[in-house]
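Undergrad: I'd like to ask some things about the structure below.
FYI, it's all coordinate maths here, none of it is from the lab. These numbers come from a predicted model, not from an experiment. Every residue, glycine as well, gets a Cβ built from its backbone with ideal geometry; the counts of neighbours run over all protein chains shown.
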Amino acid sequence: MNKPLIMVVEDEVKQAEMIAKLIAATGRYQAIKASNGLEAVELLKKNKPLLGPNKVSLILLDIKMPEMSGLQFLEIMRKKYSDDQIGVIMLTAYEDAEKWDKATDGFVCGYIKKPIIEEELIGAIDRFFSGPKARIKMTLDTFEKHIDKMDELNKGSGGKT
């Protein structure tokens, strides 16, 4: 049986290695790494068979990276793959209104803040792979968190965006 393939897109090498090792250590998943959005586009192409879905099922995506940001990659990737084909969980230290807007526009199913808590990350991955209903619920929950976050940010700016 093939294990689901997860792509880690992270420019900090030690962080990417740690995440990939954590994923592999579960024994349930495989991991590949890209250090920026351009490299991630190429890895998606390499993992797309002539027929059938892309081998990558889930992408763990950093936002701030050189060459092509995670949000730029997400926009390009979503033109080819819908959220039911490839899921995305954002991994980031940045949480402003613009980034939340762009991430939720890309139908992400999670938004995990750095520093990463291992149990939180593996829990999110396990939920993602537990079935289509769980994936949909994760995306809806992330969107609801986005709405709450926007309210919080708007209150903090005196209602101005």
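Undergrad: Using a 7 Å offset from the Cα along the Cα-to-Cβ direction at both Gln30 and Glu98, what is the distance between the two label points in nm, to one decimal?
TA: If labels sit at Gln30 and Glu98, their model points lie 3.8 nm apart.
Undergrad: In region 5-156, what % of DSSP beta bridges are antiparallel (nearest 5)?
TA: On the way: 0 of 19 bridges.
Percent antiparallel among DSSP bridges in region 5-156 is about 0.
Undergrad: Give, in nm to one decimal, the length gained when the segment between Ile136 and Asp83 is fully stretched (0.36 nm per residue of separation minus the Cα-Cα distance).
TA: On the way: separation 53, 0.36 × 53 = 19.08 nm, distance 0.90 nm.
Contour length minus Cα-Cα distance gives 18.2 nm.
Undergrad: Let me ask you something else. For the pair Glu17 and Leu38, what calculated FRET efficiency results from E = 1/(1 + (r/R0)^6), where r is the Cβ-Cβ distance and R0 = 25 Å, to the nearest 0.05? If you can, show how the numbers build up before the last one.
TA: Working: r = 20 Å, r/R0 = 0.79.
For Leu38 and Glu17, the calculated efficiency is 0.80.
Undergrad: Can you tell me which of 80-89, 3-12 comes out highest on packing, and rank the rest after it, using the mean Cβ neighbours within 10 Å?
TA: Values: 80-89: 17.4, 3-12: 21.0.
The most tightly packed comes first, giving 3-12, 80-89.
Undergrad: Right, something else. Given Phe143, Thr104, Leu5, which one lies farthest toward the positive end of the charge dipole of the chain, if we put +1 on the Cβ of every Lys and Arg and -1 on the Cβ of every Asp and Glu?
TA: Leu5
Undergrad: Another question about this same structure. Thinking of the chain as a set of Cα atoms, what percent of all their pairs are more than 29 Å apart?
TA: On the way: 1752 of 12880 pairs.
Result for the distance tail: 14 percent.
Undergrad: Would you mind calculating the gained length between Asn154 and Glu75 on full extension (0.36 nm times residue separation, minus the Cα-Cα distance), in nm to one decimal?
TA: On the way: separation 79, 0.36 × 79 = 28.44 nm, distance 2.50 nm.
Full extension of this stretch gives 25.9 nm more.
Undergrad: Also, I was wondering about something else. Using the Cα centre of the chain as origin and beta-carbon charges of +1 (Lys, Arg) and -1 (Asp, Glu), tell me which of Asn47, Ile23, Ile125 is placed farthest towards the positive end of the dipole.
TA: Towards the positive end, the residue furthest out is Asn47.
Undergrad: Counting Lys and Arg as +1 and Asp and Glu as -1, each charge on the Cβ, what is the dipole of region 1-134 about the Cα centre in debye, to the nearest 20? Show your work: numbers first, answer last.
TA: Numbers: 19 positive and 20 negative charges, 129 e Å.
With only Lys, Arg, Asp and Glu charged at Cβ, the dipole is about 620 debye.
Undergrad: Given the Cα atoms of region 106-150, and with Rh set as the inverse mean 1/r over their pairs in the Kirkwood sense, what is Rg to Rh to two decimals? Don't skip to the answer; put the middle values down first.
TA: Numbers: Rg = 10.8 Å, Rh = 11.0 Å.
Rounded to two decimals, Rg/Rh equals 0.98.
Undergrad: What net charge is computed for the residues neighbouring Val56, neighbours being all others with C-beta under 10 Å from the C-beta of Val56, Lys and Arg scored +1, Asp and Glu -1? Kindly include the intermediate steps, with their values, before the conclusion.
TA: Working: positive: Lys46, Lys48, Lys55; negative: none.
Net of charged neighbours comes to +3.
Undergrad: Relative contact order for region 5-156: what is it in percent, counting Cα pairs under 8 Å that are at least 6 residues apart? The partial results should precede the final answer.
TA: On the way: 218 pairs, mean separation 28.4, N = 152.
19 percent.
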